[in-house]
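Values quoted throughout were computed directly from the atomic coordinates according to the rules given, and no laboratory measurement underlies them. Bear in mind that the values here come from a model prediction, so they are computed numbers and not experimental data. In this analysis, Cβ positions are derived from the backbone assuming ideal geometry, glycine residues included, and neighbour counts consider all displayed protein chains.
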């Protein structure tokens, strides 16, 4: 019996070490060696530099910094993602409990009357009706022996789910902070545009007054008056539309930070938009930085664990359930030896026929893994696309802002020349007003491009995965010198995909 008992223990130990299902390995993905860049970008040596987790501080905007902090504490979508992470942690705790035995304690107290007409066990002993107490105290243990790794695979999937929820929370933080920054810079761009349109309205009103004076003197026709009035009305309409658009951005910011739109406002501010330096790392580092990529990879680990859980359905379940307790009719004799009761038992179950249910379950889990793997690879491709879009877009806008700056400079020269010619009596004052409007139009185009640059910088930060450590922020570059800035590369040390 001792040898048999030892053999059974050894066999159970060996079976417990067996885990069915495939071990998880991250699938390989094709990663380019470097980004396609031009002279605007330059790889740094070494090829990594820190970016603060509070990445928006690179814009050096106190109002934006305050709004982002209010978003982190007041945004309801972020609160929801945080709650989902807490749920995943609770699910992991529940899954972890399966590796420990379940201990139960039961007690009972009853006074009962036994029927005198009950069936007898011996015909020579007649049944009698009695009234007696029944006091029980019993402790039991139930433990499922993880013979083929069902519990271990379930726990593996739960850990991956916690990691995925953590990555989803980080991704929610990145997306929300980036969307807030993008909305904020769109609003600031409109502040500058509205200022230019208001100045243009002033000039157009002066031009209309001049044309009306000329019309009263008979120097111009009514057609000239109507043309100038029509231009002024169109500009006023444009100013109203810009004001409405700014209000929409303001309301969106209120929703981001968790404040009702009617009680929130941002003061108008006319100032150049910052365009900070944003640097690049190697493409393979993106797999470590982007929280959505990390979340998709953890989803694969969960799907792989589910394959193992599905395959364990082919194997028997072994549950151990020993119990010990006492039963007596009196409290005084409750803990005496004659009142002791115990049992040692186990149950082993195996499904013999299920009509293909287990086979279908395994096939479902395998195809689920194939689908999740494809999602992961598509997420990686999308990440590469977004970063390359940001790189190309900033390079193109760099050239565009240079051309817009040249156009503004030429418009300034034109205005200076018009003023000189008007002072010399060579042209009418209407030519000066026209030159002033041309300058404002060029300046407005330059501001629009700078707004696109600021928005694209935010887009690129988001595409790169945002901040990934707590190092100091990269210093900002003034808008005037942004065109000549040559960023250095940024990122963690190179990692393989």
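Before moving on, here are some points about what is shown:
- Tensor-based shape of the stretch 341-395 (alpha-carbon gyration tensor, a/c under 1.5 rounded, otherwise prolate or oblate): oblate
- For the chain, the longest principal axis of the alpha carbon atoms and the long axis of helix 291-311 meet at an angle near 20°.
- Exposure proxy order (Cβ contacts within 10 Å, fewest to most) of 189, 437: 437, 189
- Residue 84-residue 359 FRET efficiency (beta carbon distance; Förster radius 25 Å; 0.05 resolution): 0.15
- Summarising the label geometry, the points placed 7 Å from Cα in the beta-carbon direction at residue 226 and residue 344 lie 11.0 nm from one another.
- Pair residue 375, residue 111: separation of 7 Å Cα→Cβ label points (nm): 6.3 nm
- For the chain: relative contact order, % (alpha-carbon pairs under 8 angstrom, 6 or more apart): 31 percent
- Inter-centroid distance (Cα atoms) of the stretch 290-306 relative to the stretch 434-453, Å: 47 Å
- With neighbours defined as other Cβ atoms within 10 Å of a residue's Cβ, the residues 441, 235 order from fewest to most as 441, 235.
- Adding -39500 (n - 2.57) for every DSSP H run of four residues or longer, then dividing by how many residues the chain holds, sets the calculated 222 nm ellipticity at -20500 deg cm²/dmol.
- Cα gyration tensor shape of the stretch 273-333, rounded if a/c is under 1.5, else prolate or oblate by comparing a/b with b/c: oblate
- Cβ crowding within 10 Å ranks 202, 130 as 130, 202, fewest other Cβ atoms first.
- Residues of the stretch 309-333 with amide N under 20 Å of a point placed 7 Å along Cα→Cβ from residue 97: 319-322
- Extension gain for residue 329-residue 315 works out to 0.6 nm (0.36 nm per residue, less the C-alpha to C-alpha distance).
- Degrees between helix 222-256 axis and first principal axis of the chain (Cα, 0 to 90, nearest 10): 20 degrees
- Part-to-part distance (alpha-carbon centres) for the stretch 389-414 and the stretch 220-241, which is given in Å: 29 Å
- Length released on extending from residue 142 to residue 419, taking residue separation times 0.36 nm less the Cα-Cα span: 90.1 nm
- Helix 2-16 vs. the chain, principal-axis angle (Cα, 0 to 90°, nearest 10): 10 degrees
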